[in-house]
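In what follows, a single structure is set out as structure tokens and then discussed.
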Amino acid sequence: MIAKKNLLGIEFLEPSDIYEILDKAKGFTQQDLSGKSVAQTLDGYNIINIFFENSTRTQTSFEIAGKRLGALVTSINVKDSSIKKGETLFDTALTLNAMKPDLIVIRHPYSGAVQLLSEKIDCSVINAGDGKHEHPTQALLDAMTVLRRKNQLSGLTVTICGDIAHSRVARSNIFLFGKLGNSIRLVGPATLVPDCFKEFGVEVFNNMREGLKGADVVMMLRLQKERMDGGYVPSEREYFHFYGLDEEKLSQAKSDAIILHPGPMNRGVEIDSELADDLSRSAIQEQVEMGVSIRMAVIESLIARVIDK
Ligand code: CP
């Protein structure tokens, strides 16, 4: 059982914590997750999901994960909440805390906001993505997918391509795959892959074909226009020409390289649509599937700290 109260980032996990979560999640993938066949270990526990930014995959899979474990899951629609009447973020946190939930899952557009809120909250907090900072459960489900496809989680060459500058998924994966002993390459235009990322011990490439050479895992990222305050790329057409993944560029990677994308995808901008749907290369749907098992594992681990006290 991971001994931590919160899951705020991969940065704060030991490799043993990561393997423990993956092991637990593997157990869930081997169960029939339909109907009521999963042990309802969290019967009577309360989970609140509050997402201050849009989400399809993360919010839904946290909700399904909590319900499959038997917890009562309340998802707050921020658009209908008292935040719209001017209630501050801290007052919202104090209000939710007063209802004594066992776990709160938070997504917020500002980097560091989830950590600040966690300091006001007594129960466990999971970061479901904070600005450009971290998206820890995404990196864990990415690792789970890689482990299933490659049968190993170290000694791989992992190439992450695209809008690294604005990506919490990139940061969490840099921490995760770095901690587990993999070579990490970042690929993109200089505007989207600032040199400061080199301090994470990664290699930076502005030429995509060079960065893909011999890669085992190719992770494509979305252009995060909602976090851009200017023109980072000349046009989407030109971006695809230089940095969109297509068969020709992918041929530089190993012949059994797998393609990942956290979603949502901009088809024809960062990835060729047919390649995204080619199940022999693309593990994108498997990533979504693993999201439920990983979130079940994380939820159960954090609440187990309280149960086992
Ligand atoms: N990967 C991811 O975080 O997707 P959503 O924004 O749909 O949750």
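Is it fair to say LEU141 is among the aliphatic types (A, V, I, L, M) and either away from the ligand (no atom under 12 Å from the Cβ) or assigned to a strand (DSSP E or B) (or both)? Judged against the criteria, LEU141 is not a match.
Between TYR232, TYR239, which is open to solvent by 10 Å² or more (accessible area, probe 1.4 Å), of a type in the set (Ser, Thr, Tyr) and modelled with pLDDT under 95? If you could, list the steps in order and put the result at the bottom.
Values: TYR239 fails: open to solvent by 10 Å² or more (accessible area, probe 1.4 Å).
Of TYR232, TYR239, the one residue that is open to solvent by 10 Å² or more (accessible area, probe 1.4 Å), of a type in the set (Ser, Thr, Tyr) and modelled with pLDDT under 95 is TYR232.
With ASP216, ASP246, ASP256, ASP195 as the choices, which residue is touching a residue at least 60 places away in the same chain (Cβ under 8 Å) and among the acidic types (Asp, Glu)? So the residue among ASP216, ASP246, ASP256, ASP195 that is touching a residue at least 60 places away in the same chain (Cβ under 8 Å) and among the acidic types (Asp, Glu) is ASP216. The residues on offer are ALA93, ALA128, and the sole one that is assigned to a helix (DSSP H, G or I) and touching a Lys or Arg at 6+ places or on another chain (Cβ under 6 Å) is ALA93.
Given the structure, is VAL105 in the same structural domain as THR60 (by TED's automatic domain parsing) and within 16 Å of the ligand (Cβ to nearest atom)? Walk me through it before giving the result.
Working: in the same structural domain as THR60 (by TED's automatic domain parsing): yes; within 16 Å of the ligand (Cβ to nearest atom): yes.
So VAL105 fits the description; yes.
Is it the case that the range 57-75 has a residue that's away from the ligand (no atom under 16 Å from the Cβ), at pLDDT below 90 and not in a helix (DSSP H, G or I)? Within the range 57-75, not a single residue is away from the ligand (no atom under 16 Å from the Cβ), at pLDDT below 90 and not in a helix (DSSP H, G or I).
When residues in the range 75-106 are screened for being free of Cβ contacts under 8 Å to residues at least 40 places away in the same chain, open to solvent by less than 50 Å² (accessible area, probe 1.4 Å) and among the β-branched types (Val, Ile, Thr), 3 of them pass. For the range 263-281, a residue qualifies if it is open to solvent by less than 20 Å² (accessible area, probe 1.4 Å) and more than 15 Å from the ligand (Cβ to nearest atom), and the qualifying residues are VAL269, LEU275.
The values are calculated or read from the model by the stated rules, or taken from the named source; none is laboratory data. If you're wondering where the values come from, they're calculated on a predicted model, not measured in any experiment. Counting neighbours? That spans all protein chains shown, and the Cβs are built from the backbone with ideal geometry, glycine included. To get the accessible areas, we keep the full protein, side chains included, count just its heavy atoms, and leave off ligands, DNA and RNA. Shrake-Rupley method; radii C 1.70, N 1.55, O 1.52, S 1.80 Å.
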